[in-house]
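Here is the structure we will look at.
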Amino acid sequence: MEELAEEIQVKNNLDVVETRRFLKQNLSKQTTPVLITVLGTTIPDAIKIWFINKKIQHFIDRPRQCTKCYSLAHPSRTCDKDNVCFRCSEIHTGPCQGPKKCMNCTGPHNAKLNLCPAYIREKKILELKCQNHITTGEARRMIQSQNMNYSESVKVLPASAELQETVASKFEALIQSVNEKFEGLLQAVNEKLETQTATFVNVLHKTIESIMQKHV
Ligand SMILES: [Zn+2]
Ligand SMILES: [Zn+2]
Ligand SMILES: [Zn+2]
């Protein structure tokens, strides 16, 4: 793994923070995916490894559910509840008698359903987090302000959207300046080539002329 990290770091000019192999049962070690954490705010679409351009799959976390009470809001280790029924969200022993009720959205389904609106919302938050390289809290606020805007139909850009726009325009400006620089460089190279060719042609002409004169 160290070898891999070094290879990626050197060939791609990336600061590799961590590489971790996903361990899966019934899979040989050679074919398991690897999680690569790099420093920075952008991720390339592909990386070069041992002369191969490898397309990267961005890692998106799945929502974690508390195994004690089935809440999506906290991990099991901080949960003080126990024996919560995932079908009716009540604490009871024996078979479930109550109507189905989701503890996350209070809808009439069990709390493990991945079509639950609360689960979908958590999934969106994690996608947003991974795609924009922000914290879970920031992603949550973005989703919250988006939802608020939809419901209130207020035509005011939330702070996060404004920020996104500035980032986008700055990025465009950066690309433009890079393009301009590159074009400038290309032109300079072309001009140099042209003058060199012209000089060469001149020299050639003079040589031919002198040869011809000598023979006259
Ligand atoms: Zn819990
Ligand atoms: Zn129950
Ligand atoms: Zn639900």
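The values are calculated or read from the model by the stated rules, or taken from the named source; none is laboratory data. All values derive from a computational prediction rather than experimental measurement. Cβ: placed from backbone, ideal geometry, glycine included. Neighbour counts: every protein chain shown.
Can you pull out the residues in the range 75-93 that are modelled with pLDDT of 90 or more, in a loop (DSSP other than H, G, I, E, B) and not acidic (Asp, Glu)? Those that are modelled with pLDDT of 90 or more, in a loop (DSSP other than H, G, I, E, B) and not acidic (Asp, Glu): CYS79, CYS85, PHE86, ARG87, CYS88, SER89, HIS92.
Entry remark, the range 58-78: residues being more than 17 Å from the chain's Cα centre (by Cα), of a type in the set (A, V, I, L, M, F, W, C) and more than 16 Å from ligand 3 (Cβ to nearest atom) number 0 in total.
If you go through the range 119-130 and keep only what is buried (at least 19 other Cβ atoms within 10 Å of the Cβ) and of a type outside the set (Ser, Thr, Tyr), you end up with GLU122, ILE125, LEU128, LYS129. Need pairs with beta-carbon distance below 7 Å; first residue more than 8 Å from ligand 2 (Cβ to nearest atom) and within the range 81-104, second among the basic types (Lys, Arg); sequence gap 6+ or separate chains. Correct list of pairs: LYS81/LYS68; ASP82/LYS68; VAL84/LYS68; LYS100/ARG87. Here is the figure for the range 107-131: residues that are within 16 Å of ligand 1 (Cβ to nearest atom), without any contact (Cβ under 8 Å) to a residue 24 or more places away in the chain and over 20 Å from ILE60 (Cβ atoms) total 0.
Among the criteria (1) at pLDDT below 90; (2) surrounded by 10 or more Cβ atoms within 10 Å (Cβ to Cβ); (3) within 16 Å of ligand 1 (Cβ to nearest atom), the one SER71 does not fulfil is (1). In the set CYS116, CYS96, only one residue is surrounded by 16 or more Cβ atoms within 10 Å (Cβ to Cβ) and at pLDDT 90 or above; that residue is CYS116.
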